[in-house]
Amino acid sequence: MSIEDIVPVLEGFASAYGKIAADQGAGVHHRVRITGVTRGSANILLEIWDTLNKASGALTSIQVIGSTAIGIVVTILGVIRLRRHVKNKPFRDAITANNTISVTNSENVTIEMPVQIYGIFKSKLIDADIAKIARPLDPGRIDSAEVSARQLDGQEVRERIEAGEREFFEAETVTVTSTKETWLVGKLNSLTKTTESGFLNLTDGSRVFYEYVGDVPKRLHEIFGTYDGPVRVRAVAHMDENLKVQKLQISEIEIMQGDLFPREESGPMSSPSSS
C-alpha cells in the first residue's frame, strides 16, 4: 500500500474518533502512528488517553484496550454496519421493546442497533470520515479494510469493508470554505475520462480529488497520457471544517517548465524522480 492510500484511512478514522469523542463529551485525545507494514496490509497503532491520563490503550489493525476507547470504536463499527446494511437506499426505522432501533433496508432485512449508535448514523456525523476509510479500496489492488475492537474480556468485534462495497460508503463531500482561483503544483495520479476527474498528488504529499471544469479537456487527456512529471493547475480549492483540501476544480492545466525544485547554488542537483 502506498502513502497516498494510507493517509486518507488514518485521517478518516482519526476524524471519526474525534467527532464521536466530542459528541459524547469523552474528552479523549488521540495519536495515530503506523508501527509496521506487511504485504497486502498495514498494522496501525492508535494510542488513546483522556485529559487526566487515566486510561491508555493500543489499537493494532485496529484493536483497542480501554473502556472509553472501546465504546467510541464500537460506535464507528456500528455506523459502518448500518451503512452497509442500508446500501445508500431508503430504509425504515422503529423503536423496539428493548429500547433499541430496528432498521429495515430496501430488501426487507432488519437489524437492531443501540439508540446512541443509530443517532450518530442518522446525523451523518462521520459519513465523510468513513468514506475516506473506504476510498482507497479497489478490486484487485486493495481488496478490503477492516476495523476491529478488542474488548476488556478479550473478545473482538469487527467490521470489514470489501472493495465491491465501496459505493455503499460514498458520501457527499461537505466543504465549508473555498479559495479564490489560484495556481497549484502537483502530479496527476489518476484520470477518469467519462467524468473528467481523478486524483492529484500535491507537493505536500496529500492526494486530492479533482474535477476538470475547463474548456479544453483534450489537453488534460494528452498530458495524463504522455507525461509523468509535475504540472501546474489553475484551480479553486474547496476545504472541509479542518481546512483540508477536499476537492479541486481545475480550469487550466500545463506541464511544468524546468525543475519542480530549484537547484542549489553550490552545484548541480539532479531533477526529482517522477516515480
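Can you confirm whether segment 190-197 contains a residue that is more than 18 Å from Ile76 (Cβ to Cβ), in contact with a Leu (Cβ under 6 Å, 6 or more places away or on another chain) and either surrounded by fewer than 18 Cβ atoms within 10 Å (Cβ to Cβ) or modelled with pLDDT of 90 or more (or both)? The answer is no, given that none of the residues of segment 190-197 is more than 18 Å from Ile76 (Cβ to Cβ), in contact with a Leu (Cβ under 6 Å, 6 or more places away or on another chain) and either surrounded by fewer than 18 Cβ atoms within 10 Å (Cβ to Cβ) or modelled with pLDDT of 90 or more (or both).
Taking segment 8-28, which residues are at pLDDT below 75 and not in a strand (DSSP E or B)? Once the filter is applied, which keeps residues that are at pLDDT below 75 and not in a strand (DSSP E or B), segment 8-28 yields Gly25, Ala26, Gly27.
State whether one or more residues within segment 248-256 are among the hydroxyl-bearing types (Ser, Thr, Tyr), at pLDDT 85 or above and part of a strand (DSSP E or B). The answer is yes, given that some residue of segment 248-256 is among the hydroxyl-bearing types (Ser, Thr, Tyr), at pLDDT 85 or above and part of a strand (DSSP E or B). Only one of the numbered conditions (1) touching a strand residue (DSSP E or B) at 6+ places or on another chain (Cβ under 8 Å); (2) on the phi > 0 side of the Ramachandran plot is violated by Ser144, and that is (2). Checking each residue in segment 204-228 for being assigned to a strand (DSSP E or B) and at pLDDT below 90 picks out Arg207, Val208, Phe209. Within segment 128-147, if we keep just the residues that are among the β-branched types (Val, Ile, Thr) and over 8 Å from the mean Cα position of the chain (by Cα), the residue that is modelled with the lowest pLDDT turns out to be Ile142.
The values are calculated or read from the model by the stated rules, or taken from the named source; none is laboratory data. What you are looking at is a predicted structure, and each value in this text was computed from that prediction instead of being measured. Neighbour counts run over all protein chains shown; Cβ positions are idealised from the backbone, glycine included.
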